[in-house]
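S.K.: The following block contains the structure, expressed as structure tokens.
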Amino acid sequence: MMNRLKTLCATLFALAASAVATAHITGPVDYVSTLVGTESKYSLSTGNTYPVIALPWGMNFWVPQTGKNGDGWTYTYAADKIRGFKQTHQPSPWINDYGVFSILPETGRPVWDENKRASWFSHKAETATPYYYRTYLADYDVVTEIAPTERAAAFRFTFPETDSAFVVVDAYHHGSYVRVIPGERKIIGYTTFNHGGVPANFRNYFVIVFDKPFTYTATVNRDAICRGVLETANDHAGAIIGFATRRGEVVNARVASSFISAEQAEANLHEVGDRSLEQVRDAGRQRWNEVLGRIEVRDGNLDHLRTFYSCLYRSVLFPRAFYEMVDGRPMHYSPYNGQVLPGYMYTDTGFWDTFRSLFPLLNLVYPSVNQRIQQGLANAYRESGFLPEWASPGHRGCMVGNNSASVVADAFVKGVRTDDAETLWQAVVHGTQAVHPQVKSTGRLGYEYYNKLGYVPYDVKINENVARTLEYAYDDWCIYQLGKALGKPEKELRVYARRAMNYRNVFDPETRLMRGRLQNGKFQSPFNPLKWGDAFTEGNSWHYTWSVFHDPQGLIDLMGGNDSFNQMMDSVFILPPVFDDSYYGGVIHEIREMQIMNMGNYAHGNQPIQHMLYLYNYSGQPWKAQLRIRQVMNRFYTPNPDGYCGDEDNGQTSAWYVFSALGFYPVCPASNQYVLGTPYFDQVTLHLENGRSVSISARGNGDNAPYIQQMLVDGQPYTHNYIDHSTLLRGARIDYTLGDRPNYSRGTARDDAPYSFSRERQGRK
């Protein structure tokens, strides 16, 4: 009796504590921590993120800037000083930023030097949400607040009593312009700051309007503060304006920018209009709750909810809008040809990362957004002759593959269609036989060899050749699927079906791994499957061998059947985290992130292997997928500043978590199937755009109970290891029973395996 009483008391205490912890939660955005992933550095990434203050897919983001001007690590959790509040368009520290300017309040005297003006701050005096940011600048006794719209923002500065209150506007280096207009309490200007991917006429025009007259005006010309000078254009321009303030006096500023023109920047300012910061903040909060609320999660573990919605927040930031509304119509400055043209444009994403799960997430939950993105891709092709592979804002030289084909095909196959379908078809076909003249990662580098030999050779001075071969083969399959959906003649499609099997040409039967191959057909020698880079992209052969998204059965057959395949997959986790870093000449952060996670040679912090856990579903051992996925979710993701296990990468690593928490994952985008894992939450409801809902429940769920004992779909027993996109779109009820022991009989039949191209070619599913 006493033990029962103790248990009851403990339960009641836990419930009370949970109620207290969640009392402030009134919408899904309240679970979001924008600081997840910010405790990063060059040598070790725990996300390489920054606390984005923005609306979903917004054109402009804002961020408190702790790093130096031009530093890719714009905000790091360990920093203790803020240099400014920066309008940013940075997709990653490796790609860096463009279209940048910053704002910083000061007191005492006007200071321009970014090191000297930086103020101490504390996370304890910081409020960081997607729709509102607040912090205290201790050196100036000033509170700064920010609330964003898509292309503008409301700022508020609370000053102490002083006759020397200032606001510094830094238009950054590489060429900039500012003009102070005291009669209108306004600063206008432009910045040309970029790291590539822009035409010669690139400018980001900005306008800042204050609600208090200026008592001090100055511009900055190459570090010299020129008091009374109202206009300057130089390599690094800036402006400083000042006020006399009472203690607690509030100065408001409305800020907007445009890539089109100074006039359009003024027009974009109307997004704030005459609304107060609170009104802008509340509207932003409502928008975030609408977007995040499309996936409704119920669970007793607060940290799991925080992690999930923080990941979902990251999943709906990129690609960002790069268009503006002119007279009610979408217009964009083209980062490809420098013209202002009608239509949508999106940017700041790398398809090598995001084709895997970020874009499939958009197709399932936010298809109308991806429909606009697809229109933007068609515009990019019309304006540059290529689909982007890495865009920021135009073509950037980064990563490998031709995965725009996957992004286009997955959308079309899943019903996300536009009037540009024929243009997009021409674009993906063109990409198979061309490479951008300046940006070698756009198109297909080595296509001449690939189209002739069936692989990119190891000995033709094209790096990462096996990775390219594997990705080109999958991309050819995507083109084949797109062509079938468009009704293209079989004669036209035959070449892509044939090339889709090219992955076999770099499979070495001796090692049962993918291996570099010479022009003469011989495999490279010596061969170290633990060597990172070289023939592979940010990984080794053990990571890339599984990159046969469209034909796992074909890979199983090459390895000698299910038993051999499973043994090889098991080996990834049995191997210690040993590596060969000789290609890079040192340990890159992706290697270190694999090494420290205590999961063998599994490298979840980088994309090539992220789908691999799900492949046990193809080889008759789905329970291993269920166990490993649960281990990764519990160990590799948290809601803390060090919450990722590597680069977050524009939503990809986050979208992996979102899908995996739902209990399924798009191993092969464009296949119309999701491969089962194990549900993470007790109850999930997907609210689809078509008005229907998907309900997912998991009875018996727990950290130590990842194994599917039984699965019902709409009340009927279900044994397959996949679920169709069409089933979800119709609205479905999926009920799981989970347990702490594997069910060795469920999902083991051959017909339970998900799609493989080899089986399709043989006339099977």
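S.K.: Measuring from centroid to centroid over Cα atoms, what is the spacing of the range 26-56 and the range 366-406 in Å?
M.R.: First find each Cα centre; the distance between them is then 25 Å.
S.K.: Over 27 Å, how big is the tail of the calculated P(r) for the range 42-291, in percent of all Cα pairs? Mind showing how you got there, number by number?
M.R.: Values: 8924 of 31125 pairs.
For the range 42-291, the share of Cα pairs beyond 27 Å comes to 29 percent.
S.K.: Working out 0.36 nm times the residue gap between residue 296 and residue 250, then minus their Cα-Cα distance, what length gain in nm do you get to one decimal?
M.R.: Values: separation 46, 0.36 × 46 = 16.56 nm, distance 3.82 nm.
That pair, residue 296 and residue 250, stretches by 12.7 nm at full extension.
S.K.: Figure the gain on full extension for residue 223 and residue 433 (residue separation times 0.36 nm, minus the Cα-Cα span) and round it to one decimal in nm. Before the final figure, lay out the partial values.
M.R.: On the way: separation 210, 0.36 × 210 = 75.60 nm, distance 4.94 nm.
This chain segment gains 70.7 nm when fully extended.
S.K.: Net charge near residue 425: determine it from the other residues with C-beta under 13 Å of the C-beta of residue 425, scoring Lys and Arg +1 and Asp and Glu -1.
M.R.: Charge balance in the 13 Å sphere: -1.
S.K.: Oh, and also: Using 1/(1 + (r/R0)^6) with R0 = 25 angstrom and r between the beta carbons of residue 518 and residue 581, what's the FRET efficiency to the nearest 0.05?
M.R.: Details: r = 24 Å, r/R0 = 0.95.
That gives a FRET efficiency of 0.55.
S.K.: Residue 488 to residue 139: extension gain in nm, 0.36 nm per residue of separation minus the Cα-Cα distance?
M.R.: Numbers: separation 349, 0.36 × 349 = 125.64 nm, distance 6.63 nm.
Length difference between fully extended and current span is 119.0 nm.
S.K.: Shifting gears a bit: Of all DSSP beta bridges in the chain, what percent run antiparallel (nearest 5)? Intermediate values should be presented prior to the final figure.
M.R.: Details: 117 of 124 bridges.
Taking every DSSP beta bridge with both residues in the chain, the antiparallel ones total about 95 percent.
S.K.: Quick check for me: using +1 on Lys/Arg Cβ and -1 on Asp/Glu Cβ, what's the dipole size of the range 42-291 about its Cα centre, in debye to the nearest 20?
M.R.: Working: 25 positive and 27 negative charges, 23 e Å.
Once rounded to the nearest 20, the dipole reads 100 debye.
S.K.: Another question, if that's okay. Using θ = phi - 60° and the Karplus relation 6.51 cos²θ - 1.76 cosθ + 1.60, list the HN-Hα couplings for the range 41-46 in order, rounded to whole Hz, with x at every Gly or Pro.
M.R.: For the range 41-46, the Karplus curve yields 8, 4, 8, 8, 9, 10 Hz.
S.K.: Now a separate question. Of all DSSP beta bridges located in the range 673-737, what percent are antiparallel, nearest 5?
M.R.: About 70 percent, rounded to the nearest 5.
S.K.: Another one. Pop out the ³J(HN,Hα) list for the range 623-630 in order, Karplus 6.51 cos²θ - 1.76 cosθ + 1.60 with θ = phi - 60°, rounded to Hz; leave Gly and Pro as x.
M.R.: Using θ = phi - 60°, the values come out as 5, 5, 4, 4, 5, 5, 4, 5 Hz.
S.K.: Express as a percent, rounded to the nearest 5, the fraction of DSSP beta bridges in the range 59-203 (both residues included) that run antiparallel. Each step should come with its number before you reach the end.
M.R.: Numbers: 36 of 36 bridges.
Of those bridges, close to 100 percent are antiparallel.
S.K.: Next up: Assuming a ≥ b ≥ c are the square roots of the Cα gyration tensor eigenvalues, decide whether the range 295-761 counts as rounded (a/c under 1.5), prolate (otherwise, with a/b larger than b/c) or oblate.
M.R.: Values: a/c = 1.44, a/b = 1.10, b/c = 1.32.
Here the range 295-761 falls in the rounded category.
S.K.: Moving on to the next point. Taking θ = phi - 60°, what integer Hz values does the Karplus form 6.51 cos²θ - 1.76 cosθ + 1.60 yield along the range 732-745, in sequence order, with x for Gly and Pro?
M.R.: Values per residue, Gly and Pro as x: 9, 10, 10, 10, 10, 10, 10, x, 9, 10, x, 9, 7, 9 Hz.
S.K.: Related question: May I ask you to sort 425, 546 by Cβ crowding, counting other Cβ atoms within 10 Å and putting the fewest first? Each step should come with its number before you reach the end.
M.R.: Working: 425 19, 546 24.
Least to most surrounded, the residues fall as 425, 546.
S.K.: Shifting gears a bit: Longer than 26 Å from Cα to Cα, which of 86/186; 86/124; 452/484; 414/440; 81/186 are they? Say none if no pair is.
M.R.: Working: 86/186 18 Å; 86/124 21 Å; 452/484 24 Å; 414/440 30 Å; 81/186 28 Å.
Violating the 26 Å Cα-Cα cut-off are 414/440; 81/186.
S.K.: Which far-off residues, 5 or more places away or on another chain, put their amide H under 5 Å from the one on residue 149, with H placed in the peptide plane?
M.R.: Sorted by chain and number, the residues that satisfy this are 154.
S.K.: Moving to a separate point now. Determine the shape class of the range 618-698: with a ≥ b ≥ c the square roots of the Cα gyration tensor eigenvalues, call it rounded for a/c under 1.5, and otherwise prolate if a/b is greater than b/c, oblate otherwise.
M.R.: It is rounded, given that a/c, with a ≥ b ≥ c, falls under 1.5.
S.K.: Report, in deg cm²/dmol and to the nearest 500, the calculated mean residue ellipticity at 222 nm for the chain, where each DSSP H run with n ≥ 4 adds -39500 (n - 2.57) and the sum is divided by the residue count.
M.R.: Numbers: 21 runs with 219 residues, N = 765.
Value at 222 nm, helices only, nearest 500: -8500 deg cm²/dmol.
S.K.: May I ask you to derive the FRET efficiency for residue 504 and residue 231 from their Cβ-Cβ distance with R0 = 51 Å, giving the value to the nearest 0.05?
M.R.: Details: r = 65 Å, r/R0 = 1.27.
Plugging the Cβ-Cβ distance into 1/(1 + (r/R0)^6) gives 0.20.
S.K.: Would you please give the residues with an amide H less than 5 Å from that of residue 41, counting only those at least 5 places away or on a separate chain, with H modeled from the backbone geometry?
M.R.: 46
S.K.: Further question on the same structure: Mind listing the long-range amide H neighbours of residue 435? Cut-off is under 5 Å, sequence gap 5 or more, other chains count too, H placed in the peptide plane at 1.01 Å from N.
M.R.: 444
S.K.: Quick check on packing: order 94-103, 221-230, 179-188 by the mean number of other C-beta atoms within 10 Å, highest mean leading. Mind dumping the intermediate values first?
M.R.: Working: 94-103: 24.1, 221-230: 13.3, 179-188: 17.3.
Top to bottom by mean Cβ count within 10 Å: 94-103, 179-188, 221-230.
S.K.: Let me ask you something else. What FRET efficiency comes out for the pair residue 341/residue 744, r = Cβ-Cβ distance, R0 = 60 Å, nearest 0.05?
M.R.: Working: r = 59 Å, r/R0 = 0.98.
That pair, residue 341 with residue 744, gives E of 0.55.
S.K.: Okay, next question. Measuring from a point 7 Å past the Cα of residue 460 along Cα-to-C-beta, which residues in the range 315-354 have an amide N at less than 18 Å?
M.R.: Backbone N within reach: none found.
S.K.: Could you grab the relative contact order for the chain? Cα pairs under 8 Å, six or more apart, rounded to a whole percent.
M.R.: Numbers: 1833 pairs, mean separation 87.4, N = 765.
The value is 11 percent.
S.K.: Label residue 68 and residue 692 with points 7 Å out from Cα along Cα→Cβ: what is the distance between them in nm?
M.R.: Output for this residue pair reads 5.7 nm.
Where a number appears in this text, it was derived from the coordinates with a stated rule and is not lab data. Predicted, not measured: the structure shown is a model, and the values here were computed from it. A quick note on method: Cβ atoms are made from the backbone with ideal geometry, for glycine too, and the neighbour counts reach across all protein chains shown.
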